[in-house]
Amino acid sequence: MTATPITRPTGTGADTGGAQVARLYRKHLSSGRAVMGTVLGGMLETASEGAWVHTEDGRRYLDFGGYGVFILGHRHPSVVAAVHRQVDTHPLASRVFLEPVAARAAQALAEHTPDGLDHVHFVNSGTEATEAGLKLARTHGHTTLVTTAGGYHGKTLGALSATANPKYQDPFQPLLPDSTVVPYGDTDALAATLAGLGDRACVIVEPVQGEGGVRIPPPGYLTEVSRLCRASGAFLIVDEIQTGLGRLGAWWGVDAEGVVPDVLLAGKGLSGGVVPVAALIATDEAYRPFSRDPYLHTSTFGASPLACAAARAAVETLDREDIVGRAALLGARLLAGVRAACAAYTGGLVHEVRGRGLLIGLEFTSEQAVGELVLELVGRGVLVNHSLNAGRVLRLTPPAIAGDEEVRLFLAALAEALRVVATRIG
């Protein structure tokens, strides 16, 4: 893959420079975010391509974070070209006539979902996809939400009710009534909960918890969750906003167990790393209320031609370049390399390394270690992520297009950063 050449921005001192931008953040955006940016060195990211992010001062950083968005890397040429074509012709629709770009993007996505998931509802973000799923469940009478401890499904009010973390929920209580949390991976607890709810329940679950710290459930977990939902008449939403579209080394996390939920949520990688877009994909029966009344749940910018051009190009690129297969191979290589780098510190600084495909978590024995390692890696030109629902887990979501040299660079940086952090905090 050859990335489109970067056009570097130009500007005056009034618009550029870390200090000026931090001041603007404090005044207009977020004082807390200004502090975080300053702690990380005050760099301004201004360009990107492939696996790399560039800063205004001429440095570049290997992006093995990106919160799961960049499975294709930054600015993949095929997605960029599709978006350029759409900008030059028809980026936003009147919403009066039928619009072909959305229709063809929906077809492309549905061709790569499990059999029976044929109806696509495009939205602008993952949390909007969650909201759409919860509302769709309610149209069928499933008004009691069952979510999992450590699950992350967004931060709008409905989605936040499913994001089982008091840190984010408490300032906004009361949230949706009749919400229940069960332990992730525990089907006995889910069975007991559903036994008392009957067919009122809407269960939402991730195949692997991303923000929960790359928590991988026991084998057969999704199969049993699906069986329990069918037996009780519960509505099942599987959130693949982070895990889907190749991230786990398969098109979808449900593929390994052949599960077909009522609703599948997609996002992050669906953007192609270029234009934000997410989607709800549903069975014919589940989607019927939205299909029958197209004004029941709408959004001004949902299914815009611009976003759908990016989504279609992303799906077609994933297929054409066998990104899913590449993610599986690269993920296995990286997981082995990370485990080798961490081996000397396991039982001390490092608690566990776990992962599936290109979703890898390094769990440490303290949150301080995560913060220190993030800073050390940034200092060595590497970007990674923390986990919002698991403060002791450093999370890797690298692009499937990363090459041998980039893998070697990352593993060398990780080994040196671990050595420094272990020396500093023990």
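What the table shows:
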read-out	value
Options Gly381, Gly371, Gly348, Gly331: the member that is touching a strand residue (DSSP E or B) at 6+ places or on another chain (Cβ under 7 Å), surrounded by fewer than 18 Cβ atoms within 10 Å (Cβ to Cβ) and of a type in the set (Gly, Ala, Ser)	Gly381
Condition met for Arg339 (surrounded by fewer than 17 Cβ atoms within 10 Å (Cβ to Cβ), charged (D, E, K, R), out of contact with any Lys or Arg (no Cβ under 6 Å at 6 or more places or on another chain) and outside the structural domain of Ala149 (by TED's automatic domain parsing))	no
Residue within the stretch 389-412 that is assigned to a strand (DSSP E or B) and either among the aromatic types (Phe, Trp, Tyr) or not assigned by TED's automatic domain parsing to the domain that holds Leu330 (or both) present	no
First in the stretch 27-42 and without any contact (Cβ under 8 Å) to a residue 24 or more places away in the chain, second anywhere and part of a helix (DSSP H, G or I), Cβ under 7 Å, 6 or more apart	Arg33/Tyr25; Ala34/Ala22; Ala34/Tyr25; Ala34/Arg26; Gly37/Ala22; Gly37/Tyr25; Thr38/Ala22
Residues of the stretch 349-376 classified as polar (S, T, N, Q) and either over 22 Å from Leu388 (Cα atoms) or in contact with a helix residue (DSSP H, G or I) (Cβ under 9 Å, 6 or more places away or on another chain) (or both), total	2
First in the stretch 400-412 and of a type in the set (D, E, K, R), second anywhere and outside any helix (DSSP H, G or I), Cβ under 9 Å, 6 or more apart	Glu406/Gly50; Glu406/Ala51; Glu406/Trp52; Glu406/Leu62; Glu406/Phe64; Glu406/Pro398; Glu406/Pro399
Any hit, the stretch 179-197, residues being of a type in the set (Ser, Thr, Tyr), within 25 Å of Glu367 (Cβ to Cβ) and assigned to a loop (DSSP other than H, G, I, E, B)	yes
Residues (out of contact with any Leu (no Cβ under 9 Å at 6 or more places or on another chain) and not in a loop (DSSP other than H, G, I, E, B)) located in the stretch 273-301	Asp284, Glu285, Arg288, Ser291, Arg292
Residue tally, condition over 20 Å from Leu197 (Cβ atoms) and not in a helix (DSSP H, G or I), over the stretch 211-243	14
Failed criterion for Ala278 (all others in (1) within 29 Å of His90 (Cβ to Cβ); (2) more than 22 Å from the chain's Cα centre (by Cα) hold)	(2)
Residue within the stretch 221-228 that is farther than 30 Å from Glu49 by Cβ and touching a residue at least 60 places away in the same chain (Cβ under 8 Å) present	no
Yes/no for Gln173 being over 16 Å from Thr243 (Cβ atoms) and not hydrophobic (A, V, I, L, M, F, W, C)	yes
Which numbered condition Leu190 misses (of (1) buried (at least 19 other Cβ atoms within 10 Å of the Cβ); (2) free of Cβ contacts under 8 Å to residues at least 12 places away in the same chain)	(2)
Number of the exception - Thr346 against (1) touching a helix residue (DSSP H, G or I) at 6+ places or on another chain (Cβ under 9 Å); (2) touching a residue at least 24 places away in the same chain (Cβ under 8 Å); (3) of a type in the set (S, T, N, Q)	(2)
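For (1) of a type in the set (D, E, K, R); (2) under 22 Å from the mean Cα position of the chain (by Cα); (3) closer than 30 Å to Val315 by Cβ, each residue gets a yes or a no:
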site	(1), (2), (3)
Arg354	yes, yes, yes
Val370	no, yes, no
Val378	no, yes, no
Ser387	no, yes, yes
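The values are calculated or read from the model by the stated rules, or taken from the named source; none is laboratory data. Bear in mind that the values here come from a model prediction, so they are computed numbers and not experimental data. No Cβ is skipped: glycine too gets one built from the backbone with ideal geometry, and neighbour counts run over all protein chains shown.
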